[in-house]
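The values are calculated or read from the model by the stated rules, or taken from the named source; none is laboratory data. Computed from a prediction, not measured in an experiment: that's the story for all the values here. Glycine also receives a Cβ, built like all others from the backbone with ideal geometry; neighbour counts cover every protein chain displayed. Ligands, DNA and RNA are excluded from the accessible area calculation, which covers all protein heavy atoms including side chains. Shrake-Rupley method; radii C 1.70, N 1.55, O 1.52, S 1.80 Å.
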Amino acid sequence: MNFNLSITAGNLLRNSPFFATIRHASKKTGGSTRNPSDHGRPKHRGWKVQDGHYVSAGTILATQRTPRFHPGLNVGFGKNGTIFALEHGKVYVTCEKLDPNWDHTWVQRIYAGRENQTIFKKFFNVVPVEQHKRFKLIEEV
């Protein structure tokens, strides 16, 4: 009987139970980041035009998520809360007493618990440069 045993050092090591392959990490472990990807981009909401500036029709005056600012004279209110100018003119921002319609559900949700309080809000007004000259004098001080 002739057994052909070809025993080499490589075959012994490969078939040995003590031989295992070792994989090294191809990249280092990732540390924390200062700008996480799950926060998204900033929305830049707030005032776009300051009090006393001149604007043209269609200019965005403020963007908001909840009704912080309210439209006044010659100012429109978009469905996403954007306040924009309806005419050319000078911007005036005033703080006025708000009398909300309590029948609306969003008014009830936002101003809940403030039914008997006086609520003041900022109103954006655009006064046209060229007046229409239709004012009527009611009382002189």
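Worth a mention:
- Filter result (within 30 Å of residue 54 (Cβ to Cβ), of a type in the set (A, V, I, L, M, F, W, C) and open to solvent by 60 Å² or more (accessible area, probe 1.4 Å)) within the range 104-141: 120, 129, 135, 137, 138, 141
- Among the residues making up the range 104-119, those that are outside any strand (DSSP E or B) and closer than 17 Å to residue 69 by Cβ are 106, 107, 110, 111.
- Residue pairs whose Cβ atoms lie under 6 Å apart, sitting 6 or more positions apart in sequence or on different chains, and linking a residue in the range 120-131 that is without any contact (Cβ under 8 Å) to a residue 60 or more places away in the chain and assigned to a strand (DSSP E or B) to a partner that is of a type in the set (A, V, I, L, M) and open to solvent by less than 20 Å² (accessible area, probe 1.4 Å), do not occur here.
- Qualifying residue in the range 95-103 (condition: aromatic (Phe, Trp, Tyr) and either exposed (fewer than 10 other Cβ atoms within 10 Å of the Cβ) or not in a strand (DSSP E or B) (or both)): yes
- Residue that is among the hydrophobic types (A, V, I, L, M, F, W, C) and at pLDDT below 90, where the choices are 98, 61: 98
- When each of 129, 141 is tested for being modelled with pLDDT under 85, β-branched (Val, Ile, Thr) and over 24 Å from residue 62 (Cβ atoms), the lone residue that passes is 141.
- Residue 80 falls short on exactly one of the conditions (1) of a type outside the set (Val, Ile, Thr); (2) in contact (Cβ under 8 Å) with a residue 24 or more places away in the chain; (3) loosely packed, with under 12 Cβ neighbours inside 10 Å, and that condition is (2).
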